[in-house]
Every structure is written in C-alpha cells, then in structure tokens.
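Report on the structure given below.
The values are calculated or read from the model by the stated rules, or taken from the named source; none is laboratory data. Since we're looking at a predicted model, the values are computed, not measured. When we count neighbours, we look across all protein chains shown, and the Cβ atoms used for this are built from the backbone with ideal geometry, even at glycine. For accessibility, only protein heavy atoms count, side chains too; no ligands or nucleic acids. Shrake-Rupley method; radii C 1.70, N 1.55, O 1.52, S 1.80 Å.
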Amino acid sequence: MNEVTYIGEQIGWQYAGNSFVFLSFVAALLASFSFYRSANDNELADGPWKKLGRIAFTIHSFAVIGIMTTMFCMIFKHLYQYHYVWEYSNDAMPRRYTLACFWGGQEGSFLLWTFWNVVIGNVLMRTAKNWEPPVMTTISLVQVFLASMLLGFHISGLTIGSNPFVLLRETPGFLNAPLFSTPDYASKLAKTAQGLNPLLQNYWMTIHPPTLFLGFASTVVPFAYAIAGLWKKKYGEWQLDALPWTFFGIMILGTGILMGGAWAYESLSFGGFWAWDPVENASLIPWLTFVGAGHVMIVYKARKNSALSTFIFPIITFVLVLYSTFLTRSGILGNTSVHAFTDLGMSGQLLIYLLFFIVLAVTLIVINWKKIPRDKAEEELWSREFWMFLGSLVLLMACVQIVVTTSIPVTSKLAGYLHDKLPFLKDAFEKLSKQAPPIDRIGFYNKWQIPFAILVLLILSFGLYFKFKNTDMKQLCKQMLLPFIVSVVLCLVSVLMLGETNGFYITLLFMGWFAVCANFYYWAKNKKAVFLKAGASFAHMGFGLIMMGALISTSKKQVISVNTSHKSVRSIDESFSDATNIRMDQGDTLRMGDYYVTYTGKQKVGKDILYAIEYLAKDADTKKYSLQFTLHPIIQLNPQMGNVAEPSTKHFYNKDIYTHITYADPNSLKDENPGGQYTLARNNTLSIGDKMYSSRDTITLTGLDSHIDLKKYNLKEGDIAVGAILSITDSNHNTYKAEPIYVISGNQVETIDDTVIKAGLKFSFTKIDPQNHKVDISIAETKQVARDYIVMEAMIFPYINVLWLGCLIMILGTTLAIRQRIIKSREALKNENAGNETQA
C-alpha cells in the first residue's frame with residue numbers, strides 16, 4: 001500500500017518539540033549527576049562539577065522554555081493535526097483562553113510544574129551558596145522525573161511519559177481512521193476540534209493552575225534542604241535558608257487553594273466553594289503539613305528542639321504532593337471526582353516517582369537516626385514551642401483523616417489485587433475491596449474536621465502570647481482576659497442573630513472569634529500596631545475569619561427556590577425536588593423568599609445563553625412591583641462535551657444571592673407568536689371545585705351553567721346546552737373567566753370552545769358524566785406560552801464575605817511573615833559572617 005503524502009501537515013513543530021523534550025531530560029540527568037559529584041567531593045567555591053551542573057541546568061531551563069514556546073505556537077496557530085492541540089483548543093474559543101489550553105491537559109500541567117521548578121532552581125543557583133550542590137541535586141532529580149513524563153516512549157508494552165507533540169493520526173484510537181487517507185486531512189480538522197471542557201473556559205483557568213502549581217513546586221525547596229541536611233549531616237543549619245521558602249510556599253499554595261474555592265463558588269453550580277472533592281483534598285493535604293513544617297522550623301530556630309520533626313514535615317509535604325499527583329493522574333479517582341484526569345498509561349511511572357523519593361528520604365533518616373539531635377529535656381507545658389508543635393501535630397492528624405478517606409479507591413483496588421495473593425488475609429482484604437467513599441461527602445468530612453478546626457483555632461488564639469521556654473501563666477491570663485470577654489460577647493451576639501443551636505458550631509464560632517480578637521489584641525499591644533510586624537497575627541486572624549465565614553455561610557445557607565408554580569418539577573426530571581427547584585415560565589412572577597422573581601427572556605452571546613431573572617419587591621400598599629436587581633445565569637453551549645450551566649450571584653455586604661439554571665431548553669431561542677396556533681389539547685376530568693393547571697395558570701371548575709342563551713350561540717329550540725364555569729388565576733394573581741359549552745343537538749354532541757386571549761388558553765367542554773358528577777374539560781395553550789420555561793435553583797449564603805475577607809487577611813499576613821523571615825535570615829547570615837571574620 002502506498003504511503004499518503006500529506007498536504008499542509010506541519011511536522012517541523014514535532015521535530016522541534018521532541019528535540020527540546022529529549023534535551024531537557026538529558027540535561028536534567030547531567031545536572032543531577034554533576035551537582036551530586038560537586039556535593040560529594042565537597043568542592044569549594046565554583047569547582048568544575050558545580051560549574052557543569054549549572055551549565056546543564058541552564059540548558060535544561062532553555063529546553064523547557066523551548067517546549068513551552070513550541071506548544072504555545074502550535075495552539076496559537078491552531079495546528080489541529082497535533083492531538084494535544086485538537087483535544088484542548090478550537091476556533092470557537094476566545095483567544096484569552098489560549099494560555100489555559102496550554103495547561104488544560106496532563107502533559108501541559110506537568111510542563112507547568114517543570115517550568116516553576118526551573119524558575120526556583122535558577123533562583124537557588126544564585127542564592128543557596130554553600131547549599132547549592134546538595135539542594136540542586138535533589139531539584140535536578142525531580143526535574144528528571146518530570147521531564148520523563150513528556151518523553152512518550154513505548155518499550156515492550158511499557159509507557160514512559162505522554163508526548164504532547166504526537167500527531168492526531170498517530171494517536172491510538174485514531175489510527176486507520178478514514179479521514180487520514182485524505183492528503184489534505186489537516187484542513188478538515190477545525191470542525192471536529194474538541195476545545196477545553198466548558199467548565200474550564202473561565203478566566204480562573206488562566207490564573208488558578210499557575211498559582212497552584214507554583215505552590216506545588218515550592219514544596220521541593222524545604223524538601224531539598226532537608227535531604228541536603230541529612231546528606232551533609234548538618235541537622236539544623238539548613239533551616240535558616242529553607243524557612244523563608246517554606247512560608248512562601250505556604251502562602252502560594254494556600255492562595256491557589258483559595259482561588260479554587262472562589263472559582264467553584266463563582267462558576268460551578270454545585271452551590272458552594274468547597275465540596276471535599278478528592279481533587280480538592282489532594283491540594284489541601286500537603287498545605288496542612290506545609291503549615292506544620294513552617295511552625296516546627298520556627299520552634300527549632302528559636303529553641304533548637306524538635307530536630308527530627310523539621311525533617312519529617314517537609315518530607316511528608318513533598319511526598320503528599322507526589323501522592324496527590326498519583327491520585328489525580330492515574331485515573332483511579334475517575335469514578336469519584338469530576339476533576340481527575342484520565343489514565344494515560346503512566347500509573348506505574350507515577351508510582352515509581354513517588355516511591356523513589358519516599359525510599360530516598362526514609363533511607364537518609366534511617367542512616368542518620370542516631371545522629372539527629374534529640375531533645376535533652378521536654379518542653380514546658382506553657383511554652384510557645386510546645387503549643388506550636390502540638391498545633392503541627394493536630395494539622396497532621398487532620399491530614400491523615402483526609403488522606404485515608406480520599407484514598408479509599410486506592411485501598412479498595414489494592415485489597416482487590418491482594419485478595420488472592422495472600423489467602424490467610426482473604427477476609428480482611430475482601431472487606432477492604434468493597435469499601436466505598438462516603439455518600440454524604442460534605443457531611444462526613446465536616447463531622448471529622450470541625451473538632452480539628454476547633455483545636456487549631458484554640459492554639460492560634462493564645463499561641464503568640466506564650467514565650468519560648470516558659471511563660472508566666474498569671475501574666476498570660478491577664479493578657480488574654482480582655483480578648484476572651486470580647487469573644488464571648490461577639491459569639492453570643494452571633495448565636496442570637498443566626499439562631500444557632502448546634503453545640504459544635506457554637507464552639508467553632510467562639511473559637512473563630514477568639515482567634516481574631518486575641519491575635520488582633522496581641523498585634524495592637526505587643527507589636528504596637530506596627531503594620532510590618534503583623535505577619536503572624538494577621539495570618540491567624542485570617543484563618544479564624546475563614547473558619548467563621550465557612551461555618552456561617554454553609555450551615556445557614558438558605559434555599560429560597562421552593563417551587564410555587566403549582567407544576568411539579570419532578571415531571572421534568574425525577575432528580576429535581578420541588579423543595580429546591582422552581583419552575584419559571586417566561587413572564588411569570590412568583591414569590592421566592594423575600595423577593596418576587598420573573599423570568600423575562602434570554603439572549604445568545606457567542607456560545608453562551610444568558611437568562612434574565614428579575615428580582616422584584618412588592619409594595620404592600622400599591623401592590624406594584626419594583627425591580628431590585630437582575631441576575632443572568634448562563635448555559636454555555638458545547639456540542640462536543642455537553643452544555644454547562646454557570647451561576648450568577650448578587651453580592652451584598654451581608655449575603656450573596658446565588659442563582660443557577662438546573663433545566664432549560666437552550667435551542668428555543670426565538671420568542672415567536674405562531675399566529676394563534678395551539679398545542680395539542682390535554683383532557684382533565686373534574687368535579688365542581690376541582691383544579692387543573694396550564695403551564696402558567698391555575699384553573700378551577702366553579703360550577704355548571706344550565707341557563708345558556710341559545711340565540712347567542714345560534715342554537716336551535718330543543719337543544720340542550722350546559723356551560724362549565726371556569727376561573728383562571730395566573731402567577732401574577734390576575735383572574736379571568738371562561739365558559740366552554742357542551743351541546744346536545746338531536747343525537748349529535750357539539751362543543752363551543754372558549755378562548756382567553758390574555759392567558760393564551762382555549763377550553764373545550766367535551767363530556768358529562770352525570771352518574772359520577774364529573775365533566776371532561778380539555779385545555780390547549782398557545783405555543784408561545786407553552787414553550788419557553790426554565791427550572792432554576794436559588795440560595796442565600798449569609799455573611800460569606802467574612803470568608804473572603806479572611807482569605808485576603810491570611811494571604812497578607814503570610815506575605816508579611818515571609819518578609820520578616822527574609823530579614824531575620826539576612827541578619828543571622830550577617831552576624832555569622834561577622835563572627836567568622838572576628839575569629840579569623
């Protein structure tokens with residue numbers, strides 16, 4: 001068979017991209033080996049191995065930038081013959097999402113992680129000084145593994161990496177497709193290009209992943225320093241340089257997580273900012289231990305205690321980042337998370353990546369176990385170091401609970417594999433293999449995590465008041481009295497305002513207030529309200545506000561979209577509930593909470609359909625409505641992946657009103673009046689006093705009229721005529737009358753319809769059942785009235801701005817803390833150099 005000569009297939013980008021991938025991998029290998037030799041040979045100043053390591057890492061850096069540039073050009077030029085471009089971009093997507101396409105897939109996100117490590121590595125080569133060789137050895141090794149994720153080699157059924165420069169026609173699943181027998185197939189791919197998942201076509205996608213992956217990348221720095229400390233048997237010195245990086249990572253990773261919560265709240269329609277999704281958990285768990293790492297390092301810096309924990313926490317943090325990567329990219333969470341990536345055949349490679357660094361860290365700890373300094377005396381109960389260490393342990397325990405539950409799919413799969421391998425444990429493995437994640441995920445995690453949150457807030461409240469080594473308890477109690485009293489008062493006021501009765505919630509609310517008040521008072525009194533010294537106080541205050549905001553906004557969330565339309569939404573979808581979903585026909589005005597709402601119509605803007613929902617207030621005296629505000633929830637059209645609903649929110653200082661569409665027909669975009677044409681009539685069998693419903697109105701059979709004016713309807717003498725007296729009430733409480741007539745003329749039955757033009761209804765009186773005292777009335781609606789409606793959900797999140805305020809204050813506080821750590825590190829280094837000069 002002759003090979004096809006393809007027209008317009010630009011394969012030069014593939015050659016360039018693959019060359020950069022291979023170069024980045026080889027250069028990272030060379031850098032790790034060179035830095036290793038430099039560290040092992042104890043080279044002084046800029047020895048040859050150190051210079052070679054720097055050159056190799058610089059080449060690796062340029063290669064990574066080359067990969068990124070090549071991919072960006074491919075996406076920007078819409079080269080759909082490449083599978084990655086075809087899968088994550090299309091012509092319909094706005095240009096502002098071009099960057100988002102870059103990291104929309106696994107390969108791009110690995111490359112983003114690699115890029116941030118490159119940035120960090122280049123900074124460390126200029127700042128780490130004597131620590132550069134051992135630290136850069138570890139970072140270069142991490143780069144070797146990350147670079148291997150893009151190799152895309154297939155050897156004897158083994159897959160090493162997934163290459164972003166593979167042509168679509170070379171991709172499994174597309175091989176031998178009829179399209180590729182056409183020489184100019186590349187020109188026909190634009191119509192089929194997939195594009196980003198609709199959920200990802202959001203401005204958050206351009207800023208959240210880079211921030212989150214910078215946070216992930218930053219965990220490698222304290223890990224690399226910890227490995228270097230064990231390697232060079234310098235068990236405390238490394239922390240001086242690692243501590244500012246640790247708090248930088250805490251801030252960036254925390255910011256990335258909070259961005260994800262804001263994205264979920266603003267753009268996803270699950271009704272909240274945190275759903276304890278496994279992928280959300282995967283980013284949270286390393287942050288918890290990262291915070292613990294920062295605090296145990298502060299303890300060591302001040303008291304030279306807890307040396308072992310200063311190694312364990314940074315190592316656990318980095319290992320958890322790798323484990324989270326395995327969870328989210330191995331495909332194992334595919335059935336439990338909508339955010340997880342599918343398996344690209346790299347599960348084994350990801351596992352090796354994880355195990356390599358676990359074995360490396362454990363081996364070094366075992367080798368140094370007896371040499372790592374132990375605490376000669378136990379910390380005093382009333383010392384800052386004791387409570388900071390205790391707080392770190394609480395964070396670790398909270399992390400363990402999240403990890404264990406999130407890992408249920410892993411343990412189930414592993415137990416299923418070992419079930420037949422270890423017969424003597426068959427029963428235990430059988431039970432484990434049948435484990436399933438909790439059905440009420442949010443309730444389950446909240447039940448476990450609220451006690452941990454209470455303990456953490458308690459420690460944050462008085463932690464700064466303790467002194468290192470020991471504290472005068474009388475003085476501490478005296479200082480804590482005022483913030484304690486203020487917190488009690490504020491908590492009581494909050495409980496009364498919210499009507500809170502849950503004991504756990506009240507305790508958490510009090511601890512939140514206590515953390516805010518105590519840390520504010522500490523800053524005002526002990527730090528003289530100096531802004532630049534507010535780092536720890538502001539960070540603790542922010543965390544307290546976050547906990548209070550999360551508690552109040554979720555526990556007191558009020559669903560106001562109770563269905564009042566007299567038409568059950570369950571007939572549309574059995575999963576809908578009339579307690580949480582309301583049906584709105586265009587032009588209806590229905591009561592919803594403290595408002596009246598009207599669906600006024602929709603319009604198409606690009607690929608989005610905007611639905612206009614007016615929120616009205618009704619004057620008690622005049623009965624007139626006044627517009628308060630309009631929300632525009634969206635349905636984003638995506639023929640390839642399915643349409644996606646995006647909410648619209650009205651922000652007030654004390655609440656948010658959150659609205660999203662749960663059902664609509666986005667295809668009925670025109671509001672045409674089809675010239676009086678009606679839908680098929682629906683028959684209803686009624687007794688006097690019974691009700692029937694149109695799509696908008698309630699119709700009551702109020703009686704039967706046997707005194708019909710025969711001449712009015714051109715009936716003959718002897719004809720028998722009976723009218724059905726109908727009362728129609730629409731959603732705006734307007735009332736109309738109708739009277740269709742049933743006629744017996746000789747042996748013939750005739751009907752005289754009655755039409756209510758304003759209501760768009762036509763009635764027919766079709767049958768009388770005198771024995772059962774029932775009649776049949778059919779109803780037809782104009783197509784305009786019957787066609788356009790939506791089902792929507794609306795809820796109120798009270799005081800959610802407390803949460804967002806807490807986020808900002810915590811980020812600000814952590815930033816100030818980083819500044820203080822950098823200043824103190826420089827001062828310590830300056831003092832050390834001065835001491836060396838004096839000795840010389």
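Things worth noting here:
- Cβ-Cβ under 7 Å pairs, at least 6 apart or on other chains, segment 298-318 side in contact (Cβ under 8 Å) with a residue 12 or more places away in the chain, far side of a type in the set (Asp, Glu) and open to solvent by less than 20 Å² (accessible area, probe 1.4 Å): Val299/Glu385; Ala302/Glu385; Arg303/Glu385; Asn305/Glu385
The rows are residues; the columns are (1) part of a helix (DSSP H, G or I); (2) out of contact with any Pro (no Cβ under 8 Å at 6 or more places or on another chain); (3) within 21 Å of Leu199 (Cβ to Cβ); (4) at pLDDT below 95.
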| site | (1), (2), (3), (4) |
| --- | --- |
| Leu44 | no, yes, no, yes |
| Leu52 | yes, yes, no, no |
| Ile59 | yes, yes, no, no |
| Gly66 | yes, yes, no, no |
| Thr70 | yes, yes, no, no |
| Glu87 | yes, yes, yes, yes |
| Val119 | yes, yes, no, no |
| Pro133 | yes, yes, no, no |
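- Phe165 of a type in the set (Phe, Trp, Tyr), at negative phi and assigned to a helix (DSSP H, G or I): no
- Selected residue [within 21 Å of Leu52 (Cβ to Cβ), open to solvent by 20 Å² or more (accessible area, probe 1.4 Å) and either charged (D, E, K, R) or in contact with a strand residue (DSSP E or B) (Cβ under 9 Å, 6 or more places away or on another chain) (or both)] from Lys129, Lys188: Lys129
- Tally of residues being over 18 Å from Met795 (Cβ atoms) and assigned to a strand (DSSP E or B) across segment 581-611: 12
- Residue match in segment 612-625 (condition: out of contact with any Phe, Trp or Tyr (no Cβ under 9 Å at 6 or more places or on another chain), in a strand (DSSP E or B) and not basic (Lys, Arg)): no
Here is a yes/no grid of residues against (1) hydrophobic (A, V, I, L, M, F, W, C); (2) farther than 22 Å from Leu327 by Cβ; (3) open to solvent by 10 Å² or more (accessible area, probe 1.4 Å):
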| residue | (1), (2), (3) |
| --- | --- |
| Leu230 | yes, yes, no |
| Gly249 | no, no, no |
| Gly254 | no, no, no |
| Ala282 | yes, no, no |
| Trp287 | yes, no, yes |
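- Among residues of segment 608-641, those that are under 27 Å from the mean Cα position of the chain (by Cα) and open to solvent by 30 Å² or more (accessible area, probe 1.4 Å), counted: 9
- Segment 786-809, subset of a type in the set (A, V, I, L, M) and open to solvent by 20 Å² or more (accessible area, probe 1.4 Å), residue farthest from Leu761 (Cα to Cα): Ile809
- Residue tally, condition under 18 Å from Gly601 (Cα atoms) and either in contact with a Pro (Cβ under 8 Å, 6 or more places away or on another chain) or hydroxyl-bearing (Ser, Thr, Tyr) (or both), over segment 650-668: 6
- Of all residues in segment 569-607, those satisfying the criterion of being of a type in the set (Ser, Thr, Tyr) and open to solvent by less than 50 Å² (accessible area, probe 1.4 Å) are Ser577, Thr580, Thr589, Tyr595, Tyr596, Thr598, Tyr599.
- Test: residue in segment 170-180 that is surrounded by fewer than 24 Cβ atoms within 10 Å (Cβ to Cβ) and either among the hydroxyl-bearing types (Ser, Thr, Tyr) or touching a Leu at 6+ places or on another chain (Cβ under 7 Å) (or both): yes
- Scope segment 190-241; condition under 21 Å from Ser309 (Cα atoms) and under 30 Å from the mean Cα position of the chain (by Cα); matching residues: Phe216, Ser218, Thr219, Val220, Val221, Pro222, Phe223, Ala224
- Cross-chain or 6+ apart pairs with Cβ under 6 Å, segment 2-28 first and over 30 Å from Asp184 (Cβ atoms), then open to solvent by 60 Å² or more (accessible area, probe 1.4 Å): Ala27/Ile59
- Set side by side, the residues Leu355, Leu396 differ, and just one is out of contact with any Leu (no Cβ under 8 Å at 6 or more places or on another chain), modelled with pLDDT of 90 or more, closer than 29 Å to Pro438 by Cα and among the hydrophobic types (A, V, I, L, M, F, W, C), which is Leu355.
- Annotation: of all residues in segment 15-32 being in contact with a Phe, Trp or Tyr (Cβ under 7 Å, 6 or more places away or on another chain) and closer than 13 Å to Leu150 by Cβ, the one that is least open to solvent (accessible area, probe 1.4 Å) is Gly17.
- Complete set of residues in segment 153-169 that are touching a residue at least 24 places away in the same chain (Cβ under 8 Å) and either open to solvent by 70 Å² or more (accessible area, probe 1.4 Å) or not hydrophobic (A, V, I, L, M, F, W, C) (or both): Leu158, Thr159, Gly161, Ser162, Asn163, Pro164, Arg169
- Out of Asp730, Asp671, Asp709, one residue alone is of a type in the set (Asp, Glu), open to solvent by 50 Å² or more (accessible area, probe 1.4 Å), modelled with pLDDT under 90 and closer than 21 Å to Thr782 by Cα. It is Asp671.
- Candidates in segment 782-809 are the residues that are polar (S, T, N, Q) and more than 22 Å from the chain's Cα centre (by Cα); of these, the one that is modelled with the lowest pLDDT is Gln784.
- Checklist (1) open to solvent by 20 Å² or more (accessible area, probe 1.4 Å); (2) within 46 Å of the chain's Cα centre (by Cα); (3) modelled with pLDDT of 70 or more applied to Asp690, failing item: (2)
- Where Ser487 falls short, out of the listed (1) at pLDDT below 95; (2) under 30 Å from Val299 (Cα atoms): (1)
- When segment 721-755 is filtered for residues that are touching a Lys or Arg at 6+ places or on another chain (Cβ under 8 Å) and either closer than 16 Å to Asn683 by Cα or in a strand (DSSP E or B) (or both), the ones remaining, listed by number, are Ile725, Leu726, Ser727, Ile728, Tyr736, Tyr742, Ser745, Asp753, Asp754, Thr755.
- Any pair with Cβ under 9 angstrom, 6 or more apart, that starts in segment 479-496 at a residue that is more than 13 Å from Val516 (Cα to Cα) and ends at one that is of a type in the set (D, E, K, R) and surrounded by 14 or more Cβ atoms within 10 Å (Cβ to Cβ): Ser494/Glu500
- Scanning segment 747-781 for residues that are of a type in the set (Ser, Thr, Tyr), within 17 Å of Asp705 (Cα to Cα) and within 54 Å of the chain's Cα centre (by Cα) returns a single hit, Ser764.
- Qualifying residue in segment 455-469 (condition: in contact (Cβ under 8 Å) with a residue 12 or more places away in the chain and touching a Pro at 6+ places or on another chain (Cβ under 7 Å)): no
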